[in-house]
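The values are calculated or read from the model by the stated rules, or taken from the named source; none is laboratory data. What you are looking at is a predicted structure, and each value in this text was computed from that prediction instead of being measured. Methodologically, a virtual Cβ is constructed for each residue, glycine included, from the backbone with ideal geometry; neighbour enumeration extends over all protein chains shown. We work out accessible area using only protein heavy atoms, side chains counted, and drop any ligands, DNA or RNA first. Shrake-Rupley method; radii C 1.70, N 1.55, O 1.52, S 1.80 Å.
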Amino acid sequence: MALQLGDAAPDFTVETTEGDLNLYDYLGDGWGILFSHPKDFTPVCTTELGEVARLKSEFDKRNTKVIGLSVDPVDSHGNWASDIKDATGHELNFPLIGDKDRTVADLYGMVHPNASDTMTVRSVFIIGPDKKIKLTITYPASTGRNFQEILRVLDSLQLSAQYPVATPVNWTSGEDVIVGVGLTDEEATAKFPKGFTKIKPYLRYTPQPNL
Ligand code: BEZ
């Protein structure tokens with residue numbers, strides 16, 4: 001069965017462009033993003049990997065390590081890296097797994113045979129410090145991912161790991177958040193000194209508590 005939210009992220013040790021990597025050791029007590037791309041030397045993938053490299057400081061700010069993967073071998077990834085730099089202006093600055101025997105792709109269900117039995121799809125897994133899966137998204141090969149959305153989800157996950165809040169539709173960091181439904185009004189008053197606005201008994205907004 002496919003990995004689901006709350007499942008333990010399968011650990012692995014694999015060859016990457018930065019040498020052998022053990023997932024749990026690499027993540028330490030931080031957050032992780034494991035994402036697969038279909039194939040090296042392809043246009044959409046080139047733009048995605050350049051963008052992830054550009055966003056490195058954003059992932060660092062969020063104590064999040066990023067790892068890419070495809071079933072192409074590491075030496076192919078290495079050769080492709082210079083094209084990524086030429087095409088996007090950004091040097092690869094995170095490890096890319098060469099999963100040629102599909103060890104990780106099989107553990108994480110990244111090959112969808114009815115889409116392609118030779119390539120990994122565009123999977124994204126966010127892994128929490130507890131090594132549990134916090135988000136899964138799957139995109140088709142023809143659609144490049146929106147990594148701003150992935151940063152947005154990270155912000156939401158990290159906030160709700162710290163405070164009893166949820167985040168509303170289209171929320172981005174800095175905007176009001178939703179008081180957790182498990183809190184009474186009295187508890188919410190104590191927890192959120194900036195107060196809250198009650199739209200419905202179950203819908204209460206409060207300013208983002210960590211700002
Ligand atoms: C691409 O990255 O452009 C791509 C890869 C595999 C299939 C289709 C597009």
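Could you work out the local net charge near K198, counting Lys and Arg as +1, Asp and Glu as -1, over the other residues with Cβ closer than 10 Å to its Cβ?
On the way: positive: K200, R204; negative: D185.
After counting each charged neighbour, the total is +1.
Suppose every K and R has +1 on its Cβ and every D and E has -1 on its Cβ; what is the size of the dipole of the chain about the Cα centre, in Debye to the nearest 20? Working shown, then result.
Values: 20 positive and 29 negative charges, 187 e Å.
With only Lys, Arg, Asp and Glu charged at Cβ, the dipole is about 900 debye.
Within the stretch 2-38, which residues have the backbone N less than 18 Å from the label spot 7 Å out from Q162 along Cα→beta-carbon, could you tell me?
Under 18 Å, as judged by backbone N against the label point of Q162, lie 29-32 of the stretch 2-38.
Once the Cα atoms of helix 43-54 and of the chain are each reduced to a long axis, what angle between those two axes, in degrees from 0 to 90 to the nearest 10, is obtained?
Between the helix axis and the principal axis of the chain, the angle is about 50 degrees.
Using a ≥ b ≥ c from the Cα gyration tensor of the stretch 163-206 (square roots of the eigenvalues), is it rounded, prolate or oblate, where a/c under 1.5 gives rounded and otherwise the larger of a/b and b/c decides, a/b for prolate?
Note, shape of the stretch 163-206 comes out prolate.
Where does each of 109-116, 65-72 land if you order them by average Cβ count within 10 Å, highest first?
Final packing ranking: 65-72, 109-116.
Could you give the angle, 0 to 90 degrees to the nearest 10, between helix 147-162's Cα long axis and the longest principal axis of the Cα atoms of the chain?
50
Determine the dipole magnitude for the stretch 163-206: charges of +1 sit on the beta-carbon of Lys and Arg, -1 on that of Asp and Glu, nothing else is charged, the reference point is the Cα centre, and the result goes in debye to the nearest 20.
About 60 debye.
How big is the gap, in Å, between the Cα center of the stretch 121-178 and the Cα center of the stretch 86-111?
The distance from the Cα centre of the stretch 121-178 to that of the stretch 86-111 comes to 20 Å.
Among L107, T136, G19, whose Cα projects farthest towards the positive end of the dipole of the stretch 13-145, with charges put on the beta-carbon of Lys, Arg (+1) and Asp, Glu (-1)?
Of the options given, the answer is T136.
Would you mind working out the accessible area per residue for the stretch 1-45, using a 1.4 Å probe, and quoting it in Å²?
Averaged over the residues of the stretch 1-45, the accessible area is 49 Å².
May I ask which residue of V179, V124, P164 lies farthest towards the positive end of the charge dipole of the chain, with charges of +1 (Lys, Arg) and -1 (Asp, Glu) on Cβ and the Cα centre as origin?
V179
Just name one of A188, S82, H37: the one whose Cα is farthest towards the positive end of the charge dipole of the chain (beta-carbon charges, Lys/Arg +1, Asp/Glu -1).
So the residue we want is A188.
Using a probe of 1.4 angstrom, how much of the accessible area of the stretch 163-206 is carbon and sulfur, in percent?
Values: 1600 of 2780 Å².
Carbon plus sulfur share of accessible area: 57 percent.
How high is the FRET efficiency between E91 and F12 when r is their beta carbon distance and R₀ equals 30 Å, given to the nearest 0.05?
0.70
Using the Cα centre of the stretch 86-163 as the reference point, and only Cβ charges (+1 on K/R, -1 on D/E), how large is the resulting charge dipole? Debye, rounded to the nearest 20. All intermediate terms of the calculation are to be shown ahead of the outcome.
Working: 8 positive and 9 negative charges, 52 e Å.
In total the dipole reaches around 240 debye.
How would the stretch 13-145 be classified by its alpha-carbon gyration tensor: rounded, prolate or oblate, with rounded meaning a/c under 1.5 and the a/b versus b/c comparison settling the rest?
rounded
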